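Asker: Below: one structure in structure tokens.
Values in this text are rule-based calculations from the coordinates and carry no lab data. Quick caveat, the model's predicted, so the values are computed rather than measured. Cβ coordinates were reconstructed from backbone atoms using ideal geometry, including for glycine residues, and neighbour counts include every protein chain displayed.
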């Protein structure tokens, strides 16, 4: 799944998606979609914001609970 394919599948414009993702601009979405910014360098938090914007809030919550908020996740994140 790419950001563009999911955005198009959801029937959203770049601006509409930017409005749904906190701290996101239409220009940055365009840069992700064209490869000007590598999505591999996206923070986990930003990736989870995209999941939420695409309607996958439950999945985003689960990931946050496991990787960010759990003691085990904190230890893994501290080691990186």
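Asker: For the chain, what is the relative contact order in percent, using Cα pairs closer than 8 Å and at least 6 residues apart in sequence?
Answerer: 20 percent
Asker: What shape does the chain take by its C-alpha gyration tensor, where a ≥ b ≥ c are the square roots of the eigenvalues and a/c under 1.5 counts as rounded, a/b above b/c as prolate, and the rest as oblate? Write down the numbers at each step before the final one.
Answerer: Numbers: a/c = 2.60, a/b = 1.73, b/c = 1.50.
Verdict is prolate for the chain.
Asker: Which parts of the stretch 30-53 would a label at residue 13 reach, counting a residue when its backbone N lies under 17 Å from a point 7 Å out along Cα-to-Cβ?
Answerer: 30-31
Asker: At 222 nm, what helix-only mean residue ellipticity would the chain give, in deg cm²/dmol to the nearest 500, using -39500 (n - 2.57) for each DSSP H run of four or more?
Answerer: Calculated from helices alone, the mean residue ellipticity at 222 nm is -16500 deg cm²/dmol.
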